[in-house]
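Here is the structure we will look at, set down as structure tokens.
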Amino acid sequence: MAVIGASGYGGLQTIRLLLDHPEFEITFLGGERSSGKSWSDVNPFIPIPNNLTIEIPDPDKIAQVSDFAVLSMPNGRACQIVPHLVKRNVRVIDLSADYRFRSLDKWNSVYLNESRSINRKDTALCETAVYGLPEWNCNAIRSADIVAAPGCFPTASLLPLLPFLNQGMIEYDGIIIDAKTGTSGGGRSPKENLLLSESSETISPYGVIGHRHTPEIEQMASHIAGQEINIQFTPHLVPMVRGLLSTVYAKLRDPGLTSEDCRTVLATIYRNNQFVEVLPVGVYPSTKWVRNTNKAFLSVQVDTRTSGIVLMTAIDNLIKGQAGQGVQCLNIMAGLSEDSNLPTNTYYP
Ligand SMILES: NC(=O)c1ccc[n+]([C@@H]2O[C@H](COP(=O)([O-])OP(=O)(O)OC[C@H]3O[C@@H](n4cnc5c(N)ncnc54)[C@H](OP(=O)(O)O)[C@@H]3O)[C@@H](O)[C@H]2O)c1
């Protein structure tokens, strides 16, 4: 099992989740700036067996020691190595956005800056990669060579939204997503806006109109609805380290539906998904309830005056929003129980 991007937040969480996993052994650690350093030089607080040295990811070397690779790198990096890994029969879980769009042209237009410096030719791999939202794509994930784990905002927003699109219960126009995330969403490499002095005691929107998760959410929403869906999405940075809360607003087609009716829809669709918890009506999710877990807590409330439906989700952006979802997919790909070694209960408070 190889983890590339081991020094970063996603790599680090993946390694923690795999450390005492009954079926996987970490055999290769990949990185760029950290290459040549031993694991304990970079992360002395989580010891791993053999204290592997982080290396520049060489596909031949990875294929010699690994059947699977989890890639957790900035956008535009995975696509430079994945074709070589797949050719060598290494199955890939990519936590970046490189394989989330079925169309390479779409990726090129959404990830414009990244696409300028690389000339991707892996159109076919984009078409065959599976969007790794296990609650909706479990069968396809099982046999996939490349699984593209969804972004954190798409995960939290799609989980409550898809059931209502699938059942045709909401208007397709006018869907609004308002979401908040902690600073770890920006990764471990230094960024000025994520300094404590910049991001504490304040809350602000970013990426308004045109955030790169918008087309990703639209792609999956359209696929499930069976027609093109456009959404309005605004993320906010809030002064906490981890956690993501998404609130989705839509209009019900049937004005007679109640909160209990809509809760029943969610509870029925997710009755066999142990990582999705549908809360009782009137109980609203908190990011603290899911911290360090692979859970998504969902809640729904209907405003009978306006036929508005409000859908709420809390996840840990680094676990269900990233590495935990990656390990969930990995378990499925390996034919294991989906929840193998994934935490479901938080330490509270
Ligand atoms: N953070 C979140 O909440 C979140 C949620 C969902 C998805 N994601 C996505 O997951 C990916 C990783 O995010 P992150 O937050 O974990 O980032 P991060 O903390 O900044 O870590 C990035 C990692 O990529 C490695 N890397 C960069 N270029 C490389 C290369 N050419 N070869 C090998 N390794 C390379 C870095 O290694 P060195 O230190 O050795 O250079 C580092 O370990 C991103 O695509 C992000 O969009 C993040």
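Just so you know, all these numbers are worked out from the coordinates, no wet-lab data involved. If you're wondering where the values come from, they're calculated on a predicted model, not measured in any experiment. All Cβ positions, even for glycine, are placed from backbone atoms using ideal geometry, and neighbour counts span all protein chains on display.
Distance between the pseudo-spin-label points of Asn50 and Asp67 (7 Å out from Cα toward the beta carbon): 1.6 nm. Asp105 to Lys251: FRET efficiency via 1/(1 + (r/R0)^6), r the Cβ-Cβ distance, R0 22 Å, to the nearest 0.05? Here the calculated transfer efficiency is 0.10. Each Lys and Arg adds +1 at its Cβ and each Asp and Glu adds -1 at its Cβ; summed about the Cα centre, the chain shows a dipole of about 280 debye. Its Cα gyration tensor gives the stretch 1-150 an equivalent ellipsoid. The semi-axes, each the square root of 5 times an eigenvalue, are 25, 18, 14 Å from largest down.
Among the trypsin sites (Lys or Arg not before Pro) found in the stretch 157-213, those both in a DSSP coil and sparsely packed, with 12 or fewer other Cβ atoms within 10 Å of their Cβ, are Lys191. Summarising the label geometry, the points placed 7 Å from Cα in the beta-carbon direction at Lys288 and Lys37 lie 3.3 nm from one another. Pairwise Cα distances in the stretch 152-317 exceed 23 Å in 38 percent of cases. The stretch between Asp339 and His223, if pulled fully straight at 0.36 nm per residue, gains 39.1 nm over its current Cα-Cα span.
Normalising by residue count, the stretch 112-156 has a Cα convex hull of 86 Å³ per residue. With contributions of -39500 (n - 2.57) from each DSSP H run of at least four residues, the per-residue ellipticity at 222 nm computed over the chain stands at -8500 deg cm²/dmol.
Taking the charge dipole of the stretch 152-317 about its Cα centre, with +1 at Lys and Arg Cβ atoms and -1 at Asp and Glu Cβ atoms, the residue from Leu162, Ser197, Ile231 reaching farthest to the positive side is Ser197. Positive-end ranking of Ile146, Ala221, Pro57 along the dipole of the chain, with charges on Cβ about the Cα centre, is headed by Pro57.
Ellipsoid semi-axes for the chain, based on the Cα gyration tensor and the rule √(5λ), read 33, 22, 20 Å when sorted largest first. Here the relative contact order of the stretch 170-239, from alpha carbon pairs under 8 Å that lie six or more residues apart, stands at 55 percent. Considering only Leu266, Tyr99, Ser337, the residue lying farthest towards the positive end of the dipole of the chain is Tyr99, judged by Cα position with unit charges set on Cβ.
Helices from the chain with mean Kyte-Doolittle at least 0.5 and a Cα length along the axis of 20 Å or more, per DSSP H: which? Qualifying helices, which must be both long enough and hydrophobic enough, are 152-166.
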